[in-house]
Ligand code: PLP
């Protein structure tokens, strides 16, 4: 295993060893299929039911509102395409800072005669109530605004936006994939009809997610088959991953206070150092997730800096980690009105609870050296 320092926890997180312990019995020996009626099947069903309760508990929902999926991406697709599948072609509004797991299924609705509109973000990375209200003056069927942004960490006032959507009788979805485990997330308080979650962002395994759904809402499945998850997501359940997701939710809820305190301390230490190096920190003047810092240095390419830092043993992301093979500037920063050149310089550090103050100090030291080396190279090239 590499000795590099991992600062990309919004990309994915390390599996908690306690979560692994909870999963192990479901990864070895004879496993049942949760739809079977025999003793092995019942054991699998019980394990899923317990995980369903743990996920529901973590977000103040009822277990019957949890639909397990294979990822956060699938939960987003189920919310957007599933809601649209139950409606005649209409109008969908998604914020301009959404993850592609929301924007792509929304954009794809155009092929089915839907109209897609983007809700603007302000310079702080926030979707203002007035912006949503203006869009909803025209009849709109589906609205999706994320709870916390994966790049900037900026948190939205979803409860108020949800209220506006309800007044206009629109189906309201929020992507809470990044928010879970890093802030309190309460399905009822958020005032939404559907909310997406993902296991691997909270030290659970990859390959599990959930859509939390108001049962009064009619959505249609994306996958048809054996009728698992009340017919909303057919396919034999990934029991070990679901059990791990449940355990990760239980630990995250229990430890949220101590986790966020530590994350905040690390992020503050990092940003004090970044300010001394004249970084521009995006979304810094508004409420953000405790662990996320998204910044840039004038004249320095984000991609180049990420590679230079990688060589120094620090794993950070440029722009959105989920599209790190793309050199396009971050659409989130462009939506916030950041100049394309500055946006191309963006680097994201997302700390995790395993990180230490010493790692932050070592990072700042390496960053300072790399910045001066890259600036010298640029000066020679000019
Ligand atoms: N939504 C947001 C905000 C994300 O950050 C991500 C992943 O980075 C996803 C959705 C997709 O989740 P998953 O990786 O579980 O498919």
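Values in this text are rule-based calculations from the coordinates and carry no lab data. Being a predicted model, the structure only gives us computed values, none of them experimental. Here Cβ is always computed from backbone atoms with ideal geometry, including for glycine, and neighbour counts include all displayed protein chains.
Assorted remarks:
- The range 17-251: antiparallel DSSP beta bridges as a percent of all, rounded to 5: 40 percent
- Neighbour counts of other Cβ atoms within 10 Å put 38, 331, 200 in the fewest-to-most order 38, 331, 200.
- For the pair the range 24-50 / the range 233-278, the C-alpha centres are spaced 28 Å from each other.
- Within a Gaussian network of the chain (alpha carbon springs, distance under 10 Å), most fluctuating of 340, 317, 284: 340
- Fluctuation leader among 260, 286, 69 - the chain, Gaussian network, Cα springs under 10 angstrom: 286
- Theoretical ellipticity at 222 nm over the chain - DSSP helices of four or more residues, -39500 (n - 2.57) apiece, nearest 500: -12500 deg cm²/dmol
- Crossing angle, helix 357-381 versus the chain [Cα axis fit, 0-90 degrees, rounded to tens]: 60 degrees
- Between the range 118-176 and the range 294-315, the alpha-carbon center distance in angstrom: 32 Å
- If the segment from residue 298 to residue 133 were pulled out straight at 0.36 nm per residue, it would be longer than the present Cα-Cα gap by 55.8 nm.
- Per-residue Cβ neighbour rank within 10 angstrom, fewest leading, 224, 26: 224, 26
- Folded to 0 to 90 degrees: helix 39-58 orientation relative to the chain principal axis, Cα: 50 degrees
- Cα long-axis angle, helix 239-276 against the chain (0 to 90 degrees, to the nearest 10): 20 degrees
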